[in-house]
1. Among Leu73, Leu147, Leu28, which one moves the most in a GNM of the chain with springs linking Cα atoms closer than 10 Å?
2. Would you compute, from DSSP H runs of 4+ residues alone, the mean residue ellipticity of the chain at 222 nm, taking -39500 (n - 2.57) per run and dividing by the full residue count, rounded to the nearest 500?
3. Return the single residue from Arg122, Arg14, Arg98 with maximal mean-square fluctuation; model: Gaussian network over the chain, springs between Cα atoms under 10 Å.
4. I need the helices of the chain that pass two filters: whole DSSP H segments spanning 18 Å or more by Cα along the axis, and mean Kyte-Doolittle score no lower than 1.0.
5. What is the stretch 33-90's relative contact order, in percent, from Cα pairs under 8 angstrom and six or more apart in sequence?
6. With +1 on each Lys and Arg Cβ and -1 on each Asp and Glu Cβ, how big is the dipole of the stretch 23-152 about its Cα centre, in debye rounded to the nearest 20?
7. Cut-off 10 angstrom, C-alpha nodes, Gaussian network model of the chain. Which of Pro22, Pro60, Pro154 fluctuates the most?
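Only the coordinates and a few stated rules stand behind these numbers; no lab work does. What you are looking at is a predicted structure, and each value in this text was computed from that prediction instead of being measured. Here the Cβ is made from the backbone with ideal geometry for all residues, glycine too, and neighbour counts use every protein chain on show.
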Amino acid sequence: MAVNRLDQPRELRRIIRPHYDPEAFGRLSEQIARFLGTARFLVYMTGFIAVWVTWNALAPRSLAWDPYPFIFLTLILSLQASYAAPLILLAQNRQADRDRVQSEQDRMTTERNQTEVEYLTREIAGLRLSLGDLATRDYIRGELERLLDEIREPPARQDGSTRDGAPKGPQ
């Protein structure tokens with residue numbers, strides 16, 4: 001007879017527990033929830049219920065397994081709903097987690113883009129300031145036209161004659 005002694009540590013017994021991958025279970029629940037939200041599921045479910053009700057309402061009493069109040073059908077639909085609701089919630093939670101990560105990445109990208117835009121804005125402002133110190137194209141064109149006019153127009157001599165020696169105008 002084995003005596004339980006309190007001064008000795010107990011032997012560890014290995015407890016066999018089922019192992020499941022939460023990620024794999026989450027993916028499976030998302031696939032099921034995705035299927036539950038399709039028109040195909042509604043068609044299948046409608047067909048199943050229509051066949052069930054038709055068979056049990058019109059078949060002879062000896063072949064009908066769920067007579068008129070369709071209690072067994074109600075049980076099956078309740079069981080299906082009790083599993084569908086948590087699976088849908090699990091899929092929604094996983095989607096919310098993905099959305100949260102995506103939102104954080106979008107926020108970081110937006111901050112980075114905003115920083116780059118502010119830098120480029122400062123660079124453009126600096127270029128405008130340095131261009132303000134340079135002569136503009138219109139100013140240079142105007143100066144060139146003025147100089148060309150001065151070159152084309154013969155200068156007046158002090159004695160009143162033009163460059164070719166002819167007297168200027170009637171005297």
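1. Highest fluctuation among the options: Leu147.
2. So the calculated ellipticity at 222 nm is -24000 deg cm²/dmol.
3. Answer for the Gaussian network model of the chain: Arg14.
4. Qualifying helices, which must be both long enough and hydrophobic enough, are 39-58.
5. Once normalised by length, the contact order is 30 percent.
6. So the dipole magnitude of the stretch 23-152 works out to roughly 860 debye.
7. Comparing Pro22, Pro60, Pro154 in the GNM, the peak value goes to Pro154.
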